[in-house]
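J.: I have a structure here, written as C-alpha cells, and I will follow up with some questions on it.
The values are calculated or read from the model by the stated rules, or taken from the named source; none is laboratory data. Owing to the predicted nature of the structure, the values given are computational and were not obtained by experimental measurement. As a convention, Cβ positions derive from the backbone with ideal geometry for all residues, glycine included, and neighbour counts pool all protein chains shown.
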Amino acid sequence: MIRIDQSTGLRATHTQIRISLPHLSFAETSDLTEQGYPWLETVAQPEPIDTQHIVTAGPDEEYSQGKWRQTWVQAKKPAPRSVSMRQARLALSQSGLLATVNAAMSAASEADQIEWEYATTVERYSPLVLNMAAALSLTETQLDDLFRLAGTL
C-alpha cells in the first residue's frame, strides 16, 4: 500500500517514514494518519476515452480531511515522429488536404517534388513538412493531429 506525506502531498516510502519518525516503532500496515502519513486510496486505471488518448497517473489529491486518492489524466498520444508516405497521403485525404498538398507540390522545388514522390517515410520535423504546414497555415496542434491520424492508418 502507498502512503502520502501530508506536509508535501508526495508519496512516501516506508523507509522515508522511518527516517522522519525515528522514535516511533510501527509495522508497515500501521495507521499513521495521526503522524501525517495517511494511506493513498488507489483507483483502478480507466480506459482511454478513444484511440487518440493515453491514460497517465495524475497528481495525488486530498479529497477529504486527511484522505488521499490517486488520480488519472487523459492526454493525447504523442504524435509519431515519422509515418509512411502511404499513411501520410491517407491522412491528408481523410482531412480533405491531399488535393491542396498535391497542387502545392507541383509548384515546389525539384528537390521537394522528388522527396514527395519517392520518399518512403515522412518525418514530422522535416523541412518539407514544416514548409508545407506553413503554406497551408496549419498550427502545430493541427500538424500533430494529422500525424496522429496517419499513425492509425
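J.: Based on what the data block shows, is GLU62 among the acidic types (Asp, Glu) and closer than 30 Å to ASP31 by Cα?
T.: Yes.
J.: Going by the conditions given, is LEU138 outside any strand (DSSP E or B), modelled with pLDDT of 95 or more and out of contact with any Asp or Glu (no Cβ under 8 Å at 6 or more places or on another chain)?
T.: no
J.: Also: Going through ALA104, ALA79 one at a time, which residue ends up being assigned to a loop (DSSP other than H, G, I, E, B), touching a helix residue (DSSP H, G or I) at 6+ places or on another chain (Cβ under 7 Å) and over 30 Å from THR42 (Cβ atoms)?
T.: The match here is ALA79.
J.: Take the residues in the range 44-55 that are surrounded by 11 or more Cβ atoms within 10 Å (Cβ to Cβ) and at pLDDT 90 or above, then tell me which one is nearest to the chain's Cα centre (by Cα).
T.: That would be ILE54.
J.: Pull out all pairs, ordered by first then second residue, where Cβ-Cβ is under 8 Å, the residues are six or more apart or on different chains, the first lies in the range 23-39 and is in the same structural domain as SER64 (by TED's automatic domain parsing), and the second is assigned to a helix (DSSP H, G or I) and not β-branched (Val, Ile, Thr).
T.: That search, which allows pairs on different chains as well, returns LEU24/GLN35; GLU28/HIS14.
J.: Confirm whether LYS67 is basic (Lys, Arg) and more than 25 Å from THR139 (Cα to Cα). Talk me through it step by step, then tell me what you get.
T.: Values: basic (Lys, Arg): yes; more than 25 Å from THR139 (Cα to Cα): yes.
Judged against the criteria, LYS67 is a match.
J.: So, in the range 66-76, of the ones that are part of a strand (DSSP E or B) and free of Cβ contacts under 8 Å to residues at least 60 places away in the same chain, which residue ends up farthest from ILE4 (Cα to Cα)?
T.: ALA75
J.: Of the conditions (1) assigned by TED's automatic domain parsing to the domain that holds GLY36; (2) surrounded by 14 or more Cβ atoms within 10 Å (Cβ to Cβ), ASP112 satisfies every one except a single condition; which number is it?
T.: All conditions are met except number (1).
J.: Determine which single condition THR15 fails, assuming it passes every other condition in (1) polar (S, T, N, Q); (2) in a loop (DSSP other than H, G, I, E, B); (3) loosely packed, with under 12 Cβ neighbours inside 10 Å; (4) modelled with pLDDT of 90 or more.
T.: (2)
J.: Of all residues in the range 58-86, count the ones that are out of contact with any strand residue (DSSP E or B) (no Cβ under 9 Å at 6 or more places or on another chain) and buried (at least 16 other Cβ atoms within 10 Å of the Cβ). Spell out the reasoning first.
T.: As a first pass, look at the range 58-86 and keep what is out of contact with any strand residue (DSSP E or B) (no Cβ under 9 Å at 6 or more places or on another chain): 64-66, 79-80, 86.
Then keep just the ones that are buried (at least 16 other Cβ atoms within 10 Å of the Cβ); that gives 79-80.
Residues that pass the stated criteria total 2.
J.: Considering only the range 107-119, state which residues are assigned to a helix (DSSP H, G or I) and either of a type outside the set (D, E, K, R) or in contact with an Asp or Glu (Cβ under 7 Å, 6 or more places away or on another chain) (or both).
T.: Correct list: ALA111, GLN113, ILE114, TRP116, TYR118.
J.: Pairs, please: C-beta under 8 Å, at least 6 apart or cross-chain, first residue hydroxyl-bearing (Ser, Thr, Tyr) and in the range 86-110, second surrounded by 17 or more Cβ atoms within 10 Å (Cβ to Cβ)?
T.: As it stands, the answer is SER95/LEU146; SER95/LEU149, since those pairs meet every condition given.
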